[in-house]
1. Among all residue pairs at least 6 apart or on different chains, which show Cβ distances below 7 Å where the first residue, located in region 35-47, is touching a residue at least 40 places away in the same chain (Cβ under 8 Å) and the second is assigned to a helix (DSSP H, G or I) and open to solvent by less than 40 Å² (accessible area, probe 1.4 Å)?
2. Could you check region 104-188 for strands (runs of 3 or more DSSP E) lying wholly inside it with 2 or more residues that are open to solvent by 60 Å² or more (accessible area, probe 1.4 Å) and hydrophobic (A, V, I, L, M, F, W, C)?
3. Got at least one residue in region 94-101 being open to solvent by 10 Å² or more (accessible area, probe 1.4 Å) and not in a loop (DSSP other than H, G, I, E, B)?
4. Would you kindly identify the strands (runs of 3 or more DSSP E) lying entirely within region 1-88 that contain at least 1 residues that are out of contact with any His (no Cβ under 6 Å at 6 or more places or on another chain) and open to solvent by 20 Å² or more (accessible area, probe 1.4 Å)?
Amino acid sequence: MYYYIFDIKKCKKRSQVESVKSYLGALGISGEFTYPTAACSVEELVDLALAREYSTIVGIGDDEIANIIAGKLAGRKEAMGFIPLEITPALAKLFGVESWKEACEALRFRKISQIRLGKTANNKAFLTYAYLGIKSPIEITLELKGYIVQAKVKNFAICNFHPGIQKMEEDYLDIMFTSVSNEGGSILNKFSSILGNKQKENGPDFSLLRGRSLRIFTKTPLPLICGNTVIAKTPQFFESSDEYLRIITAKKIDLK
């Protein structure tokens with residue numbers, strides 16, 4: 001049985017609720033529909049679904065609801081589905097869908113893929129990536145296992161899954177940024193022997209590091225954003241989860 005958690009706030013029109021319900025019913029995969037409220041959060045609805053022994057919990061909304069459900073189901077046998085009302089390119093690539101109708105059809109075929117999650121010290125999980133909310137170049141300090149990196153950057157992201165990056169190791173996070181340096185060249189020019197790969201096609205100031213975990217520091221607290229939601233602020237600790245999450249993806253997706 002499917003347990004659907006519908007984030008009504010993300011609907012462009014109220015009629016979209018009935019449209020999704022009707023389409024799922026036509027596909028033969030209707031189930032119990034619930035809605036988060038001020039009195040009952042998404043987390044509490046997931047707990048309720050697990051207590052009722054639902055095997056599949058489906059978030060209907062955007063990155064925010066997807067990440068919350070993912071964090072609750074990592075390491076469990078229950079599968080997670082996702083129907084986008086608003087979808088980022090990263091989530092579209094991860095699930096292999098471009099619209100809510102494609103996502104409904106993927107649920108019917110029920111292909112199960114596995115993925116690890118990115119996690120923060122404040123227990124927030126993210127499926128795709130979190131980027132640093134900056135308006136102008138800033139100094140950052142990264143503490144990875146065995147070394148520290150300092151750089152002035154104009155953008156920065158910590159990626160569990162990113163459509164523009166080929167993931168080399170499933171239990172590592174990819175850290176990418178564009179540095180600003182008076183000396184020219186990226187930070188990797190100085191640490192190329194120990195820091196991994198440099199993506200030359202992205203320009204000489206683009207750097208890509210990989211780590212099982214890391215800490216990021218900035219002079220003043222800055223938001224780390226996933227989708228449109230702030231999930232943490234600096235300073236912050238990030239790590240790749242030990243557990244896998246079972247997700248329902250389109251048949252064309254291969255996360256191995």
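1. Once the first residue is touching a residue at least 40 places away in the same chain (Cβ under 8 Å) and sits in region 35-47, its partners that are assigned to a helix (DSSP H, G or I) and open to solvent by less than 40 Å² (accessible area, probe 1.4 Å) give Val46/Ile69.
2. none
3. Yes; the residues of region 94-101 include at least one that is open to solvent by 10 Å² or more (accessible area, probe 1.4 Å) and not in a loop (DSSP other than H, G, I, E, B).
4. Numbers: elements: 2-6, 32-34, 56-61, 79-84.
In region 1-88, the matching strands (runs of 3 or more DSSP E) lie at 2-6, 32-34.
The values are calculated or read from the model by the stated rules, or taken from the named source; none is laboratory data. Note that the structure is predicted; figures quoted are calculated from it, not measured. So basically every Cβ, Gly included, is an ideal-geometry build from the backbone, and we count neighbours across all protein chains shown. Heads up: the accessible areas ignore ligands, DNA and RNA and are worked out on the full protein's heavy atoms, side chains in. Shrake-Rupley method; radii C 1.70, N 1.55, O 1.52, S 1.80 Å.
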